[in-house]
Each structure stands twice: as C-alpha cells, then as structure tokens.
Amino acid sequence: MIDAVLPDFLRDLPAGTRTPCHGRSALFVHPIRSTPTKADSTEAKALCAQCPIRAACADHAIRRGETDGIWGGLTPAERADRARRRPDCGTESGWRSHVQRDESCLTCREAHDDRLRDQRLERLAREHTNHGGSLAGYRLELLLGLPTCVRCRAVRQEYYAGRPHTTKWYRRGPAAAA
Ligand code: SF4
Ligand SMILES: [Zn+2]
Ligand SMILES: [Zn+2]
C-alpha cells in the first residue's frame, strides 16, 4: 500500500496514472490490525488485480519485509510464504522462477542481462576467430551496441551486393509501375 511513502517501483507506473489503491489506505493497511479483515482483504486484492505495477509492488514489499497490510495483492502471510520460497536471486534458475510466477526482480533481471551480454560477447569473439568477420558478427555488434568492425561490415556489403536489388512496391514511381 503506497499512500504514505513513494517507493521506487512507482517509476513503472505509466505517466499520469494512479494506482487503484490511491486514497484507500485504510482498506490496504488497517489503522489498528496488521492483518486486514477478510472483507477488506478481498476488496483490496480485487483492486490490486487491476493494477499495472502489481508484480513490482509485491516484489518491493517482500524485499523490504513489509509486515502490515496488502501489497501487490498479497496478505502478510502470503508474502511471508513467498519470501520463504524465494528463489536463489542472481542465478538463471532464480530468474526463471520469477518469470514463471510473474514476479519482477531487479537483481535477477540485471544478472540475466549481464549473462546474456557475456554470451553474446563470447559468440562475437568466436565469429571473429573462426571467420574473421561474418553477418552474424555484424548483427551481434549491433545488438551489443558496439561499433561494427571493418571485417563484419565487408562481409555484409559483399552479401548484399550479391543479391538482386528489389524495389519495394511502395517506392515504385508511376514510370516503374507502367
Ligand atoms: S498492487 Fe495494490 S497495493 Fe500495490 S500499488 Fe497496486 S493497487 Fe496499490
Ligand atoms: Zn530474484
Ligand atoms: Zn566484427
């Protein structure tokens, strides 16, 4: 529940939108009870179900160990359960279990992106060692945001030079169509 604080996951919220819990703090975090009543819980969960940042909200509350109220559609007991079953964050299997459970985890996403980048760098190194330069190497250089190398560019130029030059139908002028 987010009225009192402005946690980082709110950055995922589309500009100009409000979360469904906005202005309903008593429903999400009861003024006295740390566990909401059954009726409040059901209503709060129904609102969370429509929230565009539900997964990030639940993840935030679990990481911060929030003990009170409904966060991301989860009661304190459900969050404690998730925390116990929490995957090994930072590993590929951790990342996969988050994906299966529709959870967001910054640690796992960053670790996954780093691994992907390392794999691409390795593939690029292999392309360069085995072929000097290649079309695959050129694509990898683009994907990695690296400057394309002279050898990969040359292979690519040769490849496209050898292909018949087709003019797209929408670029054909009236003369070509006639
Ligand atoms: S998931 Fe629920 S508690 Fe979290 S921001 Fe959305 S509506 Fe509020
Ligand atoms: Zn994780
Ligand atoms: Zn290259």
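The values are calculated or read from the model by the stated rules, or taken from the named source; none is laboratory data. Remember, predicted model here, so these are calculated numbers, not experimental data. Cβ: placed from backbone, ideal geometry, glycine included. Neighbour counts: every protein chain shown. Quick note on the areas: whole protein, heavy atoms, side chains included, nothing else; ligands and nucleic acids left out. Shrake-Rupley method; radii C 1.70, N 1.55, O 1.52, S 1.80 Å.
General observations
- Volume of the convex hull of the chain (Cα atoms only), normalised per residue: 201 Å³.
- Over all pairs of different C-alpha atoms in the range 34-136, the reciprocal of the mean inverse distance, the Kirkwood hydrodynamic radius, equals 15.9 Å.
- Largest first, the residues Leu142, Leu47 sort by 1.4 Å accessible area into Leu142, Leu47.
- Note on Ser25 and Leu121: their simple-model spin labels are 4.6 nm apart, each label 7 Å out from Cα toward Cβ.
- Value at 222 nm in deg cm²/dmol, rounded to 500, when DSSP H runs of n ≥ 4 in the chain each add -39,500 (n - 2.57): -16000 deg cm²/dmol
- Listed residue (Gly137, Gln157, Ala125) projecting farthest to the positive dipole end of the range 111-163, Cβ model: Gln157
- Computed with a 1.4 Å probe on the full set of protein chains, the accessible area for Arg139 sits at about 130 Å².
- The chain, accessible area per residue, ligands and nucleic acids excluded (1.4 Å, Å²): 66 Å²
- Within the range 83-172, none of the GluC sites (Glu not before Pro) combine a DSSP coil assignment with at most 12 other C-beta atoms in a 10 angstrom radius.
- Here the ratio of the Cα radius of gyration of the range 8-86 to 2.2 N^0.38 Å is 1.03.
- With N as its number of residues, the range 111-163 has a Cα radius of gyration that, divided by 2.2 N^0.38 Å, comes to 1.18.
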